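Trainee: The structure's right below; bear with me while I get my questions together.
The values are calculated or read from the model by the stated rules, or taken from the named source; none is laboratory data. Everything numeric in this text was worked out from a predicted model, so none of it was measured. All Cβ positions, glycine included, derive from the backbone under ideal geometry; neighbour counts span all protein chains shown. Quick note on the areas: whole protein, heavy atoms, side chains included, nothing else; ligands and nucleic acids left out. Shrake-Rupley method; radii C 1.70, N 1.55, O 1.52, S 1.80 Å.
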Amino acid sequence: MTSVLSQFDISAKPQSIPPLLGASLDELTTWVQQQGQPGYRGKQLHDWIYHKGVRSLADISVFSKQWRSELAEIAIGRSTEHYRSVASDGTIKYLLQLDDGQIVEAVGIPSDNRLTVCVSTQVGCPMACDFCATGKGGFQRNLGRHEIVDQVLTVQEDFQRRVSNIVFMGMGEPLLNTQSVLDAIRCLNQDVGIGQRNITVSTVGIRDRIRLFARENLQVTLAVSLHAPNQGLREQLIPSARAYPLRDLFTECREYVEITGRRVTFEYVLLAGVNDLPEHAMQLAKHLRGFQSHVNLIPYNPISEVDYQRPSSDRINGFLAILKQQNIAVSVRYSRGLDADAACGQLRSQKANV
Ligand code: SAH
């Protein structure tokens, strides 16, 4: 495997140098040395990129004028804001334009003691889950590590407040872009300073990838999008479930718990009349009995492409009560930012052409 450092080889043509965002302190130090500069410039570069939010190397005032003009062509890897939507609860959804013109969503979700960022890992998504707006728009490409880290910095800079939590629950399937996701997690943890325990990666489940992810020895939380308590129903909602049945998914999740010692979160989007009946709650409880896990019930956020409905609060509470009564650790997650279409996937499809 080529080392990451070799990507920063000075002999490479400027345009083949990957964006600096996402590089560690060591990598940046080696890089400045390759440019004939003293090593301490690496620390300065690191500080300007991750803590001062510099967008062009030409703006780093502690570097000499001459060197800055040489560096002007080298990309840091920041996006530009294409559109934003602000919800009454303070949630802000950003549409960010990437280098090749593609648009990706990031969401900043503030509360009294937290600032959570919901990040995307792909432009679009190939999974095509039936109730998900992103899935309706098809798949364009994977994001690079810099494009993931950029989303967090963008929210942090805009709110002028430290990001405390990150959820990989934006556009895309993180475990189909594992290397960039792992690189971004390392950077967000070590360079941006966000605790691994405050990071959650959400996946619909990709064969063998949960196991691979477990072996990375991370402290992040794994959230698995379950959404159905039996194979037939799951296949209806999630096309990829056909090739990766519930039985195999549960086996891998059990391995995850064994390897990491951490519980798994199961996400369950509640769709009225589809997967929210008492019998579904009982089936779910049966699967999860004795399993070191936590269930997150997510009342469906309506999207325009399909006519699923959000269940009534009575139904939601009924489902919750059954799971509790069966001794399953469970909570309901009410989405923020609903009035800004910040909840799930909708904004990009409407505003990408603005
Ligand atoms: N591909 C990853 C991340 C996707 S988004 C995954 O599937 O987990 C994060 C969560 O939002 C997933 O559980 C997804 O199923 C859920 N979601 C998607 N559309 C939704 C909607 N309209 N309402 C509520 N939750 C939704």
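Trainee: For the pair ASP89 and ALA128, how long in nm is the line joining their label points, each one 7 Å along Cα→Cβ?
Mentor: According to this spin-label approximation, the distance is 3.2 nm.
Trainee: Multiply the residue separation of ILE259 and GLU235 by 0.36 nm, subtract the distance between their alpha-carbon atoms, and state the gained length in nm to one decimal.
Mentor: Computed gain between ILE259 and GLU235 is 5.8 nm.
Trainee: May I ask you to give the solvent-accessible area per residue for the chain, in square angstrom, as obtained with a 1.4 angstrom probe?
Mentor: 44 Å²
Trainee: At a Förster distance of 41 Å, what's the computed FRET efficiency of ASN113 paired with ALA243, Cβ-Cβ distance as r, to 0.05? Show your work: numbers first, answer last.
Mentor: Numbers: r = 42 Å, r/R0 = 1.02.
The calculated FRET efficiency here is 0.50.
Trainee: Here's another thing I want to ask about it. Among PHE63, VAL330, ASN230, flag the residue with its Cα farthest along the positive direction of the charge dipole of the chain, charges on Cβ as +1 for Lys/Arg and -1 for Asp/Glu.
Mentor: It is VAL330, whose Cα lies furthest towards the positive end.
Trainee: Can you say what percent of the DSSP beta bridges in the chain, counting only those with both residues inside, are antiparallel? Round to 5.
Mentor: Rounded to the nearest five, the antiparallel share is 45 percent.
Trainee: If you don't mind, there's one more thing I want to ask. Calculate how steeply helix 278-288 sits against the longest principal axis of the alpha-carbon atoms of the chain, using the helix alpha-carbon long axis, and give the answer as 0 to 90 degrees to the nearest 10.
Mentor: That helix lies at roughly 60 degrees to the long axis.
Trainee: Tell me the net charge near ARG141. Cut-off is 11 Å between Cβ atoms, ARG141 excluded, with +1 for each Lys or Arg and -1 for each Asp or Glu.
Mentor: Surrounding charge for ARG141 is -2.
Trainee: Could you run the Karplus curve 6.51 cos²θ - 1.76 cosθ + 1.60 with θ = phi - 60° over region 305-320 and give me ³J(HN,Hα) per residue in whole Hz, x for Gly and Pro?
Mentor: Each residue of region 305-320 in turn: 6, 9, 9, 5, 10, 6, x, 5, 5, 4, 5, 4, 5, x, 4, 4 Hz.
Trainee: What GluC sites (Glu not before Pro) in region 231-308 are in a loop by DSSP, with at most 16 other Cβ atoms within 10 Å of the Cβ? Could you put the intermediate results ahead of the total?
Mentor: Details: sites: GLU235, GLU252, GLU255, GLU258, GLU267, GLU279, GLU305; in loops: GLU305.
Taking region 231-308 and a limit of 16 other Cβ atoms within 10 Å, the loop GluC sites (Glu not before Pro) found are GLU305.
Trainee: Have a look at region 14-70 and give its Rg and Dmax from the Cα atoms, expressed in angstrom.
Mentor: Both quantities, over Cα of region 14-70: 10.5, 26 Å.
Trainee: Please get the size of the charge dipole for region 97-196, origin at its Cα centre, with Cβ charges of +1 on Lys and Arg and -1 on Asp and Glu, quoted in debye to the nearest 20. Provide the component values of the computation, followed by the final result.
Mentor: On the way: 7 positive and 12 negative charges, 46 e Å.
With Lys and Arg at +1 and Asp and Glu at -1, about 220 debye.
Trainee: Suppose every K and R has +1 on its Cβ and every D and E has -1 on its Cβ; what is the size of the dipole of region 80-351 about the Cα centre, in Debye to the nearest 20?
Mentor: 740 debye
Trainee: Distance in nm between label sites at SER56 and ARG207, each 7 Å beyond Cα in the beta-carbon direction?
Mentor: Output for this residue pair reads 5.0 nm.
Trainee: Additional query: Less than 11 Å Cβ to Cβ from LEU25, Lys/Arg counted +1 and Asp/Glu -1: what total charge do the surrounding residues give?
Mentor: Result for the neighbourhood of LEU25: -3.
Trainee: Carbon-plus-sulfur fraction of the accessible area of the chain, 1.4 Å probe, in percent?
Mentor: So the carbon and sulfur contribution to the accessible surface is 47 percent.
Trainee: Let me ask you something else. In angstroms, what radius of gyration and Dmax does the chain have, counting Cα atoms only?
Mentor: 21.4, 71
Trainee: Also: Which listed residue (TRP31, ASN142, HIS280) has the Cα farthest towards the positive end of the charge dipole for the chain, taking +1 on Lys and Arg C-beta and -1 on Asp and Glu C-beta about the Cα centre?
Mentor: Of the listed residues, the answer is HIS280.
Trainee: Next question, about the same structure. For SER313, what accessible surface area do you get with a 1.4 Å probe? Give it in Å², rounded to 10.
Mentor: Counting only protein heavy atoms, SER313 exposes about 70 Å² to solvent.
Trainee: What are the ³J(HN,Hα) values, in whole Hz, obtained from phi via the Karplus relation 6.51 cos²θ - 1.76 cosθ + 1.60 with θ = phi - 60°, for each residue of region 52-65 in sequence order, with x given for Gly and Pro?
Mentor: 9, x, 5, 10, 9, 5, 5, 8, 7, 5, 7, 8, 5, 4
Trainee: Follow-up question, since we're still on this one. How much length would be gained if the chain were fully extended between GLN97 and GLN34, taking 0.36 nm per residue of separation minus their Cα-Cα distance, in nm to one decimal?
Mentor: Values: separation 63, 0.36 × 63 = 22.68 nm, distance 3.08 nm.
Net length gain for the segment: 19.6 nm.
Trainee: OK, next. According to a simple spin-label model (label point 7 Å from Cα along Cα-to-Cβ), what is the distance in nm between GLU305 and LEU25?
Mentor: Inter-label distance under the simple model: 4.4 nm.
Trainee: While we're here: Could you give the length gained by full extension between ARG197 and HIS287, i.e. 0.36 nm per residue of separation minus their alpha carbon distance, to one decimal place?
Mentor: Gain in length upon complete extension: 29.8 nm.
Trainee: Quick check: convex hull of the Cα atoms in region 100-257, volume per residue, rounded to a whole Å³?
Mentor: Looking at region 100-257, the number lands at 117 Å³ per residue.
Trainee: Which ³J(HN,Hα) values, rounded to whole Hz and listed in residue order, are derived for region 255-261 from phi using the Karplus coefficients 6.51, -1.76 and 1.60 in 6.51 cos²θ - 1.76 cosθ + 1.60 with θ = phi - 60°, glycine and proline given as x?
Mentor: Calculated HN-Hα couplings, in order: 4, 4, 5, 4, 5, 8, x Hz.
Trainee: Okay, next question. Have a look at VAL117, MET127, ASN317 and report the one farthest towards the positive end of the charge dipole of the chain, computed about the Cα centre with Cβ charges (Lys/Arg +1, Asp/Glu -1).
Mentor: Positive-end residue among those listed: ASN317.
Trainee: Sticking with this structure for a sec: Rounding to the nearest 20 debye, state how big the charge dipole of region 14-70 is about its Cα centre with +1 on each Lys and Arg Cβ and -1 on each Asp and Glu Cβ.
Mentor: For region 14-70, the charge dipole is close to 180 debye.
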